[in-house]
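Enquirer: Got a structure here, written out as structure tokens. Questions coming.
The values are calculated or read from the model by the stated rules, or taken from the named source; none is laboratory data. In this text the structure is predicted, and so the values were computed from the model without any measurement. All Cβ positions, even for glycine, are placed from backbone atoms using ideal geometry, and neighbour counts span all protein chains on display.
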Amino acid sequence: MTEEEYLKKAAFVSELGLALHECGATSHRIEKHLTNLCGVLGINGSFLINATSITSCFWLHDKTDQHIHIERVHPADGDLGKLELIDALVDQVESGECNFSQARDELQQIFRMGPSYGHFTSLIGAVVLSASFAALMSFNYNNVIVAALATIVIFYLNKLGGKVDRLSDTIEIVSAMLAGIMATGIAAIGVKINVPFVILSTIVIFIPGLALTTSLSEIACRILISGTSKLVHAVMTLFKLYFGSILGVGIGVLLWGAGAGDDLHGIHNMPQWKTLPAIALLSISLTVCFNIRPQRMLWCAVAALIGFYVARSGEQHFGVASGMFLGAFCVGIFANFYANLSRIPSSIILSGGLVVLVPGSKTYLLLNSWITGEQIADHYTNGTQAFLIFISLVIGLLFANAVLPTKKSL
């Protein structure tokens with residue numbers, strides 16, 4: 001292998017690692033994937049992937065003679081549609097269907113591609129997500145309607161924040177604040193809604209439940225630096241959202257006055273005809289938010305339904321923690337099985353199915369109870385139970401990967 005070929009291969013692997021990070025792949029999966037790719041390409045590589053930096057080391061024979069590349073990055077959002085395209089590109093490189101020059105050009109084209117869904121479809125996905133979440137936990141359709149309408153405003157605010165750099169770090173705070181002002185204003189004119197719950201339903205897309213689970217999963221896999229930094233980032237996002245909602249409610253009460261309240265009903269009291277479509281719509285709308293390709297949408301919904309009903313059945317027989325363990329285990333088995341059949345990364349189906357299990361909203365409710373002493377919902381979760389749920393999900397995924405491992409590292 002010539003020096004030029006070696007440098008081209010190292011450059012491609014470095015660019016690939018950055019691309020996978022931007023798509024939201026977990027650190028340990030990226031490290032494993034890049035290491036496997038280096039073996040296929042005939043070079044040696046060692047990688048350290050964190051939430052804010054990527055360090056890549058390459059060498060041919062002498063480990064002390066390394067080519068090192070360090071990249072400063074930011075915590076990335078999930079774009080699982082591009083993740084699938086990048087994985088297919090790597091398969092083409094490994095099979096020899098395209099050379100490195102073509103692969104690097106193709107990688108840049110994937111990055112320049114827009115989302116799989118248009119502007120209107122993305123808006124509908126965000127609205128359906130908030131509405132279906134609200135419908136799962138409340139019989140009062142005023143909560144559903146108000147949350148859906150408020151989500152439209154938050155959607156366009158988020159679009160604006162993506163274009164203005166100085167707003168990017170405050171978008172969660174401002175979104176929760178506007179949701180609080182709007183919900184308080186609507187309650188003040190006599191519409192019977194649960195203001196804190198409407199705020200939660202409006203900003204549910206920002207709740208870092210999946211990020212919390214991912215960070216704990218990385219810590220469990222002994223990827224300590226990356227997992228800890230992602231955990232801190234997720235917790236800080238949660239505090240931003242909660243502070244914004246408190247600020248919004250305070251401003252709203254100052255402007256409009258206090259409105260009528262409303263009690264919630266627990267999710268276990270929901271009729272079957274309502275729970276099934278709400279879970280399906282919740283999962284499908286999340287596939288739009290994660291930019292998962294349309295052909296995977298149905299299977300994400302199936303994974304979500306499997307996880308939800310297995311977890312609920314397990315909770316009835318063995319308790320909450322065991323139920324969540326069984327739900328995550330079944331989702332992991334299904335995602336790995338489908339990924340092996342379709343030759344796609346298992347994280348695509350896993351994210352779509354697991355997101356209905358992660359207790360991100362419960363941590364928000366818990367935070368509210370700790371600070372104010374008030375409960376938003378009647379199905380209360382204490383701190384110990386919320387922690388056990390997270391750990392149960394992580395252990396369920398670990399067991400699923402042990403029982404049925406995936407053929408792909410992503």
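Enquirer: Limited to the stretch 58-99, what total is found for residues that are of a type in the set (D, E, K, R) and not in a helix (DSSP H, G or I)?
Expert: Step one: list which residues in the stretch 58-99 are of a type in the set (D, E, K, R), which gives 62-63, 65, 71-72, 77, 79, 82, 84, 87, 91, 94, 97.
Adding the requirement that they be not in a helix (DSSP H, G or I) leaves 62-63, 65, 71-72, 77, 79, 97.
Going through the stretch 58-99 one residue at a time, the tally reaches 8.
Enquirer: Looking at the stretch 202-225, is at least one residue surrounded by 18 or more Cβ atoms within 10 Å (Cβ to Cβ), over 28 Å from Trp256 (Cα atoms), touching a strand residue (DSSP E or B) at 6+ places or on another chain (Cβ under 9 Å) and assigned by TED's automatic domain parsing to the domain that holds Leu254?
Expert: yes
Enquirer: I'd like the residue in the stretch 100-117 that is in contact with a helix residue (DSSP H, G or I) (Cβ under 8 Å, 6 or more places away or on another chain) and not in a helix (DSSP H, G or I) and, out of all such residues, is nearest to Ala11 (Cα to Cα).
Expert: Met113
Enquirer: Which of (1) crowded, with 21+ Cβ neighbours inside 10 Å; (2) closer than 22 Å to Glu218 by Cα is the odd one out, the single condition Thr52 does not satisfy?
Expert: Condition (1) is where Thr52 drops out.
Enquirer: Any idea which residue in the stretch 55-67 is modelled with the highest pLDDT, counting only those that are surrounded by fewer than 21 Cβ atoms within 10 Å (Cβ to Cβ) and closer than 15 Å to Glu15 by Cβ?
Expert: Taking the stretch 55-67 as the starting set, the residues that turn out to be surrounded by fewer than 21 Cβ atoms within 10 Å (Cβ to Cβ) are 55, 57, 59-67.
So of that shortlist, the ones also closer than 15 Å to Glu15 by Cβ come out as 55, 67.
Values: Thr55: 93, His67: 88.
Among those residues, the one meeting the criterion is Thr55.
Enquirer: Quick one: is Ile225 within 30 Å of Ser53 (Cβ to Cβ), hydrophobic (A, V, I, L, M, F, W, C), under 17 Å from the mean Cα position of the chain (by Cα) and part of a helix (DSSP H, G or I)? Steps first, answer last, please.
Expert: Details: within 30 Å of Ser53 (Cβ to Cβ): yes; hydrophobic (A, V, I, L, M, F, W, C): yes; under 17 Å from the mean Cα position of the chain (by Cα): no; part of a helix (DSSP H, G or I): yes.
Judged against the criteria, Ile225 is not a match.
Enquirer: Got at least one residue in the stretch 173-187 being touching a Lys or Arg at 6+ places or on another chain (Cβ under 8 Å), closer than 30 Å to Ile49 by Cβ, surrounded by fewer than 23 Cβ atoms within 10 Å (Cβ to Cβ) and not basic (Lys, Arg)?
Expert: Within the stretch 173-187, one or more residues are touching a Lys or Arg at 6+ places or on another chain (Cβ under 8 Å), closer than 30 Å to Ile49 by Cβ, surrounded by fewer than 23 Cβ atoms within 10 Å (Cβ to Cβ) and not basic (Lys, Arg).
Enquirer: Within the stretch 134-143, is there a residue that is without any contact (Cβ under 8 Å) to a residue 12 or more places away in the chain and outside the structural domain of Leu37 (by TED's automatic domain parsing)?
Expert: Yes, there is a match, as at least one residue in the stretch 134-143 is without any contact (Cβ under 8 Å) to a residue 12 or more places away in the chain and outside the structural domain of Leu37 (by TED's automatic domain parsing).
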